[in-house]
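This report refers to the structure that appears directly beneath it.
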Protein chains: 10
Amino acid sequence: MSREDTTRRILEAKTARGLKWFQVADKIGLSKEWVTAGCLGQMTFDAEQAGMICEIFGLPEEDRLWLQTPPHKGSLSTGAPSDPLIYRFYELVSVYGITLKELIHEEFGDGIMSAIDFKMELSRESDPHGDRVNISMSGKFLPYKTY
Amino acid sequence: MSREDTTRRILEAKTARGLKWFQVADKIGLSKEWVTAGCLGQMTFDAEQAGMICEIFGLPEEDRLWLQTPPHKGSLSTGAPSDPLIYRFYELVSVYGITLKELIHEEFGDGIMSAIDFKMELSRESDPHGDRVNISMSGKFLPYKTY
Amino acid sequence: MSREDTTRRILEAKTARGLKWFQVADKIGLSKEWVTAGCLGQMTFDAEQAGMICEIFGLPEEDRLWLQTPPHKGSLSTGAPSDPLIYRFYELVSVYGITLKELIHEEFGDGIMSAIDFKMELSRESDPHGDRVNISMSGKFLPYKTY
Amino acid sequence: MSREDTTRRILEAKTARGLKWFQVADKIGLSKEWVTAGCLGQMTFDAEQAGMICEIFGLPEEDRLWLQTPPHKGSLSTGAPSDPLIYRFYELVSVYGITLKELIHEEFGDGIMSAIDFKMELSRESDPHGDRVNISMSGKFLPYKTY
Amino acid sequence: MSREDTTRRILEAKTARGLKWFQVADKIGLSKEWVTAGCLGQMTFDAEQAGMICEIFGLPEEDRLWLQTPPHKGSLSTGAPSDPLIYRFYELVSVYGITLKELIHEEFGDGIMSAIDFKMELSRESDPHGDRVNISMSGKFLPYKTY
Amino acid sequence: MSREDTTRRILEAKTARGLKWFQVADKIGLSKEWVTAGCLGQMTFDAEQAGMICEIFGLPEEDRLWLQTPPHKGSLSTGAPSDPLIYRFYELVSVYGITLKELIHEEFGDGIMSAIDFKMELSRESDPHGDRVNISMSGKFLPYKTY
Amino acid sequence: MSREDTTRRILEAKTARGLKWFQVADKIGLSKEWVTAGCLGQMTFDAEQAGMICEIFGLPEEDRLWLQTPPHKGSLSTGAPSDPLIYRFYELVSVYGITLKELIHEEFGDGIMSAIDFKMELSRESDPHGDRVNISMSGKFLPYKTY
Amino acid sequence: MSREDTTRRILEAKTARGLKWFQVADKIGLSKEWVTAGCLGQMTFDAEQAGMICEIFGLPEEDRLWLQTPPHKGSLSTGAPSDPLIYRFYELVSVYGITLKELIHEEFGDGIMSAIDFKMELSRESDPHGDRVNISMSGKFLPYKTY
Amino acid sequence: MSREDTTRRILEAKTARGLKWFQVADKIGLSKEWVTAGCLGQMTFDAEQAGMICEIFGLPEEDRLWLQTPPHKGSLSTGAPSDPLIYRFYELVSVYGITLKELIHEEFGDGIMSAIDFKMELSRESDPHGDRVNISMSGKFLPYKTY
Amino acid sequence: MSREDTTRRILEAKTARGLKWFQVADKIGLSKEWVTAGCLGQMTFDAEQAGMICEIFGLPEEDRLWLQTPPHKGSLSTGAPSDPLIYRFYELVSVYGITLKELIHEEFGDGIMSAIDFKMELSRESDPHGDRVNISMSGKFLPYKTY
């Protein structure tokens, strides 16, 4: 029994029950982005949220505790991801990473965009040439300070 | 003489002349995101743009041709980047990649968000708890089709 | 229970029942290339196709749902593949990749050949010096655009 | 002085003289695919061809000898290529490699498609939804034999 | 059930029954080199051979089908093998690989020695300073051709 | 000045003077396999041999000393080699390595074939279906002993 | 000319002039930890600090600009560092990393210790059994927040 | 049954019983840092400590022996860790590793800080701008000596 | 059932029965170094030795055959080992490997120290400043010979 | 100018002057093992020793300072070394590493053999079956202690 088992059980129940992530998020009352990440073992739920997740997916009691335990995060163990959809985001970091570095330093000075004090939203934009995936990200700027 | 030399000469001239990327972009009349990526050897300029770049940075004649040649792109040769700012974006792919995969498939079906028919914009958001880096991305959805 | 289990069950049933991929494709009414890729966990079937696949291979009910779920794609987790047949294709990318890059840029300008809006066909060509494997690929050209 | 230097000199001269690969191939009287691969250090020219290459690009005498020496081939030293165009071909091997293996074995039995006794052709297909890159490959089937 | 299971069952039965590879090869009527490679999941047997293998090792019925299915070949997933005996062969490629390349090109021109149209034989040579392992390999030369 | 420079100078002189490896070996009075490996920086010459090598290739005085210094050997720094000819030998280790292990242990018991007390010979075999590369290797068997 | 050149020039001048890092830090008026990291190309100086650094080490004018440009940071390009002193810190992350994760989560909940809003101090502790290296680190806790 | 099983059972029992690491450490009478590392399979307990651990977590008898057996330590099998919290410590080694090397050599001469004769303590510092994680490390300096 | 299972059973029995390696070696009548390596799956026992090992550890019958089968050796699948004790030996190869190469070549000429015709002994040396681990190794020198 | 340049100059002078490492060590009055390691950039000399090294090899003044600066140590940047002589030592760690771990823990308890408080000696042992390389190592045992 581990958090990986909880994630696997959620994915199986989601397929078996035909649930959508946005429906789960609506019941929890949070964004679909954060709730999906949490269900996939990347975020930590509080006691009430964990109870609702267990109810929605029909999970056993022990999963309620695992969902409240900070998980071992990250899915890129080594290098480039093989899945084409995930790879495109890796490619964006590869092609645009140095550009983001230059522009953030130009605007803010030396520091980084936080990946912890961070939120994002994904939406669909209708377009006659083919609909588009829009993603907006917002992360706090953290400056390096002298000491 | 190669495109890497052109990039190096641009960075040296930018430092020596105290230029800002947004000023370069303004002169070219395009977004700062695309122009910076192009100057860093990730995009291809047309003849007129290449001429302006050469003038702004005081580049030799041969660079005008290199700037019009599609470069070998990408800066992540293997695995995780060491620079903390760029790593945070890699971490976002690691932590949120599977979430993006789930949500795009839920909304659009099987396919990917294009990293080619793509644009992005970076801006600063004032915030009393510390200013934030906002990034909005837009990529065309490309479906897998049966045949 | 996961998509990997479904793939394994298909391969076992195919061996046990002595089925050929082209026969499966004929029953579904699509190309053998796409159907084989789908059965191997690289493409997503719709409800009707998934039902036919389950019937042909005698799969349990849950596999019908998994076959309709976009899978985690890609089989090259790191570097060069060890299987000699698959390696030859990797070697073609290694030997001819830069040539393809030069020729596509020469003909189309900066951009890529899509691996999503893509189809391919494999056929046998009789040849007195030894029969040949012919593969024709067709992918949409996607240009980088300024913004 | 090495074959890598020859390749670099060819690329610089091609940019400086504004030559196209198909023009070079036309003068040599061979396919643009093979000639481009040869100029990029992946194939070996005979004495006459090497002389023509030197003349077209204005190369020094020693390059004529290097062009006739079998080069150290291959451009993928480790794992996935970073350039988006070349990566798409790597992804095709990743996504379709096991499909190609299954279909070749189904049609021909155990063996491989040769990457040496091999030719390919790249062409443009007009399409109202966006032009397509067409690539046709032909490689001799080589069976494993018992002994 | 998979080809890996078949290989494991063969190794267990070989140990339990005290069989030698050359005895298995004698019964099949082929070389010990090819038969051992086949039993270890690197070659494909025909129906009659597969039946004999199953009888010799007491394998279940399904293994007869797997033995006739081209396996996923190769045992070096990444880099250097850890086993000292296998590593010595890897070291020979490391130390003598460029020599073999020079000498084959000198004798045959540009091309390769086939690893598919290939056979080898291992034998013992008595020597008062310590017996020697003799290995003779024979592979068809495959030339690169212009097109 | 280092052994790598010596190797580079030998390769340049060999190309410029149109020498063949077997001619160099004939002059030294040793096998072409050993002499080529030595010239490529994998073996150590004695004083007389080093002098002859310097004369044949017209090398400067300091190379005579480097040729007598045991070099840092091996050309496979990490994993699989990209050159198709060298890769075929790597593939043979991958496909046949476990077979060689089984057969050597069956014949000799636990131990290895030495890659140091080792010699090899490469020759051409005429064959109406295409000439073949024949390679014979001989290495002393070294047993593990208890102590 | 690049930041790496600046770092190299600093190291050469430090050796040639016999300077100590704590002396440099004292002149700048900041901690030796931050100043050393900055001189080694990991932090960014302001105009006044950069001027002092140039004076102390006798650097050319262009280095004053590079010292004010955020550098590409990080010195562990891949995996474990080879230097024994640096490796010990890597080993501490390997042995104690999961412990730090457990204890930080126990005390603070889900989140991380910032490596940006961070400071550290290194000092010597006299000890009759052998002096000790004491390092104290302080990083802001950054919680993951729901959204 | 192995030490990994013991660690897993401890983690499951800790979650099920709602225990805190500092409570476990208090009962053992040692620091929370060392006890947590030991429970996670990085340190070795003596007989009495092992008995107490078994009692606290309700472990079976065999775990008492495993807890007294020096474990295979280290959790970073290759390169950078994916978990964001643990990665931050890896980044500190990447960014500050060469600084620590310089400062330790400046203060102590050539040698290392021991990661064995080592202790550390983690505590919370209240801060109006956000609480901080404080970590103090102490390791014996080990000099290289001539011989 | 495989040699890995045998090793695991030995380790479990050793822990459960409280056996010491030197006691096992004494009963077999060989060195503790060789016997421990053999029990850990790195050496091959003869029939009599295998019988004694099975009796000492209470192993099932099939293990007697596995212990007589040359195992797949080596425990460093890729790169540096994570365990601190084993890493120190890897570090010694990293720091002293080129020194050993220089000194062996200086004394013996070109060749290697055999890792097969090899023995070693580990002992404790009392020392008032802390006891020392003494390891003496002896390997036959194998010269490269011309041919 | 860096420590790597110093090492290169030492190796060139040693070859040009025909010096032996043991002669250098005799002049310095220390062991050949430590002096060779120091000359190869793995140890740090004091002022007097550095002066003698410079005199023996005829090095320029700046090398005297570099020889007194603790170098970046270690020569195995990633994984297995390619040189056969050095690889044999890597293989010994691979084959015997877990044995050394078991025996050191059995004799000393949990801890490591220091690679810093360490010395070694290499000597030749005459043997009618072929001379042997003898290496004796001595490292202080460092225990893990509770805190």
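The values are calculated or read from the model by the stated rules, or taken from the named source; none is laboratory data. All figures in this text were calculated on a predicted structure; none of them were measured in a lab. Ideal geometry is used to build each Cβ from the backbone, glycine not excepted, and the neighbour counts take in all protein chains shown. Only protein heavy atoms, including side chains, enter the accessible area calculation; ligands, DNA and RNA are left aside. Shrake-Rupley method; radii C 1.70, N 1.55, O 1.52, S 1.80 Å.
Considering E:GLU62, E:GLU121, the condition of being in the same structural domain as E:THR36 (by TED's automatic domain parsing), surrounded by fewer than 20 Cβ atoms within 10 Å (Cβ to Cβ) and in contact (Cβ under 8 Å) with a residue 60 or more places away in the chain is satisfied by E:GLU62 alone. Quick check on this structure: which one of C:HIS129, C:HIS105 is farther than 29 Å from D:THR7 by Cα and surrounded by fewer than 20 Cβ atoms within 10 Å (Cβ to Cβ)? Result: C:HIS129 is the single residue among C:HIS129, C:HIS105 that is farther than 29 Å from D:THR7 by Cα and surrounded by fewer than 20 Cβ atoms within 10 Å (Cβ to Cβ). Out of curiosity, is A:LYS145 away from chain C (no Cβ under 14 Å), more than 21 Å from the chain's Cα centre (by Cα) and open to solvent by 40 Å² or more (accessible area, probe 1.4 Å)? When the stated conditions are applied, A:LYS145 passes them. The set of residues in segment J:105-147 being assigned to a strand (DSSP E or B) and in contact with a Pro (Cβ under 6 Å, 6 or more places away or on another chain) consists of J:GLY111, J:ILE112.
State whether the residues of segment D:79-98 include one that is more than 13 Å from chain B (Cβ to nearest Cβ) and open to solvent by 20 Å² or more (accessible area, probe 1.4 Å). Scanning segment D:79-98 turns up at least one residue that is more than 13 Å from chain B (Cβ to nearest Cβ) and open to solvent by 20 Å² or more (accessible area, probe 1.4 Å). Could you check segment J:126-137 and list, in sequence order, the residues that are more than 19 Å from J:THR36 (Cα to Cα) and either at the interface with another protein chain (Cβ under 7 Å from one of its Cβ atoms) or in contact (Cβ under 8 Å) with a residue 40 or more places away in the chain (or both)? Within segment J:126-137, J:GLY130, J:ASP131, J:ARG132 meet the criteria.
Taking segment C:25-59 as the range and being hydrophobic (A, V, I, L, M, F, W, C) and closer than 16 Å to C:ARG8 by Cα as the test, the residues that pass are C:VAL35, C:ALA37, C:CYS39, C:LEU40, C:MET43, C:ALA50, C:ILE53, C:CYS54, C:ILE56, C:PHE57, C:LEU59. Suppose the filter is under 23 Å from the mean Cα position of the chain (by Cα) and without any contact (Cβ under 8 Å) to a residue 12 or more places away in the chain; does I:LEU85 pass it? It is true that I:LEU85 is under 23 Å from the mean Cα position of the chain (by Cα) and without any contact (Cβ under 8 Å) to a residue 12 or more places away in the chain. When restricted to residues that are modelled with pLDDT of 90 or more and among the small types (Gly, Ala, Ser), segment F:37-83 contains 7. The one condition from (1) assigned to a helix (DSSP H, G or I); (2) in contact with a Pro (Cβ under 9 Å, 6 or more places away or on another chain) that I:MET52 does not meet is (2).
For F:THR7, the criteria (1) crowded, with 21+ Cβ neighbours inside 10 Å; (2) under 18 Å from E:TYR96 (Cβ atoms); (3) of a type outside the set (Phe, Trp, Tyr) hold in every case but one, which is (1).
Looking across segment E:23-58 at every residue that is open to solvent by less than 40 Å² (accessible area, probe 1.4 Å) and of a type in the set (S, T, N, Q), the one that is farthest from the chain's Cα centre (by Cα) is identified as E:GLN49. When F:THR69 is tested against (1) polar (S, T, N, Q); (2) touching a residue at least 40 places away in the same chain (Cβ under 8 Å); (3) over 23 Å from J:ALA13 (Cα atoms), only condition (3) is not met. Restricting the search to segment G:22-43, which residues are more than 13 Å from G:LEU122 (Cα to Cα), outside any helix (DSSP H, G or I) and touching a helix residue (DSSP H, G or I) at 6+ places or on another chain (Cβ under 7 Å)? Listed by number, the residues that qualify are G:LEU40, G:GLY41, G:GLN42, G:MET43. Can D:LYS20 be described as of a type in the set (D, E, K, R) and crowded, with 16+ Cβ neighbours inside 10 Å? Considered against the rule, which asks whether it is of a type in the set (D, E, K, R) and crowded, with 16+ Cβ neighbours inside 10 Å, D:LYS20 comes out as no. Residues in segment H:105-116 that are under 26 Å from G:GLN23 (Cα atoms) and either free of Cβ contacts under 8 Å to residues at least 24 places away in the same chain or within 9 Å of chain J (Cβ to nearest Cβ) (or both): 7 in all. Restricting F:LYS140, F:LYS119 to those that are at pLDDT 90 or above, out of contact with any Asp or Glu (no Cβ under 6 Å at 6 or more places or on another chain) and at the interface with chain I (Cβ under 9 Å from one of its Cβ atoms) reduces the list to F:LYS119. Among residues of segment H:68-78 being more than 28 Å from A:THR44 (Cα to Cα), out of contact with any His (no Cβ under 6 Å at 6 or more places or on another chain) and not β-branched (Val, Ile, Thr), the one that is least open to solvent (accessible area, probe 1.4 Å) is H:PRO71. Looking at the structure I just gave you, is J:THR15 outside any helix (DSSP H, G or I), facing another protein chain (nearest Cβ under 8 Å) and open to solvent by less than 40 Å² (accessible area, probe 1.4 Å)? Spelling it out, it is not the case that J:THR15 is outside any helix (DSSP H, G or I), facing another protein chain (nearest Cβ under 8 Å) and open to solvent by less than 40 Å² (accessible area, probe 1.4 Å).
Residue count for segment G:50-68, restricted to those that are in contact with a helix residue (DSSP H, G or I) (Cβ under 6 Å, 6 or more places away or on another chain) and within 8 Å of another protein chain (Cβ to nearest Cβ): 2.
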